[in-house]
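Enquirer: Below is a structure I'd like to ask you about.
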Amino acid sequence: MYKVRLWSVRRARFMEALYNASNPVILATLRGITKVFGTKLDRPITAAERGLKGFLFDCQMCGSCQLSKTGMSCPMNCPKTLRNGPCGGVRPDGNCEVKPDMKCVWVLAWDGSERMKNGDVIKDVEFSGDHRDKGKSTWLKLAREKRPEVSVKPMQNTNV
Amino acid sequence: MSEADVTDVQDVKRVGTNPGDPLPQLPGHVSHGRFEQVLRAGFFAVTTEIAPPDSADPDEVLTRASLFDGYVDAINATDGSGAHCHMSSLAVCAILTRVGYSPILQMSCRDRNRIAIQGDALGAAALGVCNALCLSGDGVQAGDHPEAKPVFDLDSVSLTRTLKILREESRFLSGRKLDYAPKLFIGSTINPFVPPVDRRIDQLAKKIDAGAEYIQSQYCFDMDVLRDFMARAVDMGLPEKAFILPGVGVLPSARTAKWMRENVPGVHIPDPIIKRLEGADKPLKEGRNICIELMQQIKELPGTSGVHVMAYRQEKWVGDVVKRSGVLDGRTPWSPDTADTTIGTVN
């Protein structure tokens, strides 16, 4: 829901605190669950993630969540699915070039990141997403990763 | 054939028997291109934009390019600008390199995924293209095929990084090795004039971080915003990492200016400019005067390395504004002496 999405970005600082507090708990729980049940509970867990993040952020389930790095504004709501900041077509009122009634998600992202403690991560270069992950759960992906902080990106081994 | 003859042949090959042969790559340069050489030599560069024809006739490309002869250092070939279909930017560039021009291949993320884009980068370099410009691309809703599927597999920053990986690491994104890397001078774009205005500088820093070596901006008609933007860029040391070429435009009338402001995504034209055009006896001439004044002010602005002149449907005036602005300081950019405009035929 668009209104809830705007509400969440305005409370990006609170959302960040909530994320920092809940994320380790969620991941630890999911690690336990996946160990015991394997992939049996993947569907309800994915549905839960979709329901919660969908309600709060209009999450599009890209499968590699960046919300904590983009001011709690989901970049996949950008019609161009840009993951590194706004395009050059943002309207004078800050609305989207493609959807004139929607605030540019990157205008919101910058707004949100300025409210956050660790908002500066928005300045880091991200690589475009892995399309195979679309529709999948980021929570489960992180829970199954051996080292959750290491992301698999094509630019991983580059010093450029 | 004697040994001396062999050497002669090699020498001729090195300097190029054909105008389109690559120039020697200078130390510290990333490409073989003349555009990079002009910038790294410290000259104030002038670039412009060619409108790719709605045609399969290569002569139309060369005729359009010849309008800029002796006034510009590089020519951008737009990639379906405004989401309208035209001749592809890669083809335009390939035609231009045949006669020795220094084209800039605009690569938009709207129409091609990472497989196609990397293939194009190799193909472009193989055809003698030395410069690429990474863009996100206008949305399909802005063009004449709004029913088309927007691709946007990569974004402009990821594309910039992709070209850098191809060149520096000589590999595809997948990791598969290249036999010969595409030596492309990598550019990207910035629009300091639209929201979030105060964060656009971070967007510039990000693009440079991703690998952009030169930056061309969207139309600048608001010097106050550009002055502030460039001051912040200088504070952050960005002009030392990338050459910045703000964009200027030639407006033919107040009506067109208003239309552009309303209908072309990302174009910001302040009211005083429109009032000036409205009040002018000869708006066409006034539009050029505005452009000239902006070019002169941009040249004086710390941190700028050149100017990018966009004169859609006003291409014949590019030479005039460049000449009268004096930004080239009497320098005459390369042009084909006798451009052979009959290299291709349409059967």
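The values are calculated or read from the model by the stated rules, or taken from the named source; none is laboratory data. No experiment lies behind these values; they were computed from the predicted model shown. Cβ sites come from the backbone with ideal geometry, for glycine too, and all protein chains shown count toward neighbours. For the accessible areas, the whole protein counts, side chains as well, though only heavy atoms, and no ligand, DNA or RNA atoms are used. Shrake-Rupley method; radii C 1.70, N 1.55, O 1.52, S 1.80 Å.
Enquirer: Taking +1 at the Cβ of each Lys and Arg and -1 at the Cβ of each Asp and Glu, which of A:96, A:46, A:20 sits farthest along the dipole of segment A:2-144 towards its positive end, judged by Cα position relative to the Cα centre?
Expert: Of the listed residues, the answer is A:46.
Enquirer: If exposed means no more than 13 neighbouring beta carbons inside 10 Å and the site is in a DSSP loop, what's the longest run of chain A without any exposed trypsin sites (Lys or Arg not before Pro)?
Expert: A:41-116
Enquirer: Another one. At 222 nm, what value in deg cm²/dmol follows for chain B if DSSP H runs of at least 4 each add -39500 (n - 2.57) and the sum is divided by all its residues, to the nearest 500?
Expert: Mean residue ellipticity, 222 nm, calculated: -11500 deg cm²/dmol.
Enquirer: Roughly what % antiparallel, to the nearest 5, for the DSSP beta bridges in chain B?
Expert: 5
Enquirer: A further question follows. Over chain A, with a Gaussian network built from C-alpha contacts below 10 Å, which listed residue (A:49, A:114, A:145) shows the highest mean-square fluctuation?
Expert: A:145
Enquirer: For chain B, set up a GNM with springs between Cα atoms under 10 Å and report which of B:106, B:218, B:25 has the largest fluctuation.
Expert: Top of the fluctuation ranking is B:25.
Enquirer: Quick check for me: using +1 on Lys/Arg Cβ and -1 on Asp/Glu Cβ, what's the dipole size of the protein assembly as shown about its Cα centre, in debye to the nearest 20?
Expert: Value, rounded to 20: 2580 debye.
Enquirer: If you don't mind, there's one more thing I want to ask. Take the alpha carbon atoms of segment A:95-132, find their center, do the same for segment B:267-290, and report the distance between the two centers in whole angstrom.
Expert: Here the two parts' Cα centres lie 35 Å apart.
Enquirer: While we're here: For the interface of chains B and A, what total accessible area is buried with a 1.4 Å probe, rounded to the nearest 100 Å²?
Expert: Counting protein atoms only, the buried area is about 2800 Å².
Enquirer: Under Stokes-Einstein, with the Kirkwood radius over Cα pairs standing in for Rh, what whole-number D in µm²/s applies to the protein assembly as shown at 25 °C and 0.890 mPa s?
Expert: Approximately 101 µm²/s, per Stokes-Einstein.
Enquirer: Gap in Å between the Cα centre of segment B:166-233 and the Cα centre of segment A:1-37?
Expert: Using only Cα atoms, the two centres lie 33 Å from each other.
Enquirer: Could I ask something else about it? Determine the percent antiparallel among the DSSP beta bridges restricted to the protein assembly as shown, to the nearest 5.
Expert: If we restrict to bridges inside the protein assembly as shown, about 5 percent are antiparallel.
Enquirer: A follow-up question, please. Using only DSSP helix segments of four residues or longer, with each worth -39500 (n - 2.57), what per-residue ellipticity at 222 nm results for chain A after dividing by its residue count and rounding to 500?
Expert: -14000 deg cm²/dmol
Enquirer: Same structure, new question: How far is it, in nm, from the label point at residue B:180 to the one at residue B:335 when both lie 7 Å from their Cα along the line to the Cβ?
Expert: Placing both labels 7 Å along Cα→Cβ, they lie 3.2 nm apart.
Enquirer: Run a plain Debye calculation on segment A:2-144 (Cα atoms as equal point scatterers, no solvent) and give log10 I(q)/I(0) at q = 0.14, 0.17, 0.22 Å⁻¹, rounded to two decimals, same order as the q list.
Expert: For the requested q values the scattering log ratios are -0.66, -0.95, -1.44.
Enquirer: I'd like to know which of B:306, A:87, B:46 lies farthest towards the positive end of the charge dipole of the protein assembly as shown, counting +1 on Cβ of Lys and Arg and -1 on Cβ of Asp and Glu.
Expert: Looking along the dipole axis, the top candidate is A:87.
Enquirer: Let me ask another. So what is the accessible area of the protein assembly as shown per residue, in Å², with the probe set to 1.4 Å?
Expert: Accessible area per residue, the protein assembly as shown: 46 Å².
Enquirer: Oh, and also: Along each principal axis of its Cα atoms, how long is chain B end to end? Whole angstroms, biggest number first, please.
Expert: 72, 47, 44
Enquirer: What's the lysine pair count for segment A:2-144 at a Cα cut-off below 12 Å, pairs eight or more apart or interchain?
Expert: Lysine pair count for segment A:2-144: 4.
Enquirer: Which one, B:312, B:219, B:71, has the greatest fluctuation when you compute a Gaussian network model over chain B with C-alpha springs under 10 angstrom?
Expert: Comparing B:312, B:219, B:71 in the GNM, the peak value goes to B:312.
Enquirer: Straight-line reach from residue B:323: which lysines have a Cα under 18 Å away, not including same-chain ones fewer than 8 places off?
Expert: B:285, B:299
Enquirer: Could you run the Karplus curve 6.51 cos²θ - 1.76 cosθ + 1.60 with θ = phi - 60° over segment A:68-81 and give me ³J(HN,Hα) per residue in whole Hz, x for Gly and Pro?
Expert: With coefficients 6.51, -1.76 and 1.60, one gets 6, 9, 10, x, 6, 10, 5, x, 6, 7, 5, x, 9, 6 Hz.
Enquirer: Taking trypsin sites (Lys or Arg not before Pro) as exposed when DSSP calls them loop (any state but H, G, I, E, B) and at most 13 other Cβ atoms lie within 10 Å, what is the longest stretch of chain B free of them, the sites themselves excluded?
Expert: Longest gap between qualifying sites, sites excluded: B:1-175.
Enquirer: Summarise the accessible area of chain B (1.4 Å probe, protein heavy atoms) by the percent that is carbon and sulfur.
Expert: 51
Enquirer: Putting +1 on Lys and Arg Cβ atoms and -1 on Asp and Glu Cβ atoms, find which of A:119, A:30, A:72 reaches farthest to the positive end of the dipole of segment A:2-144.
Expert: Comparing the listed Cα positions along the dipole, A:30 ranks first.
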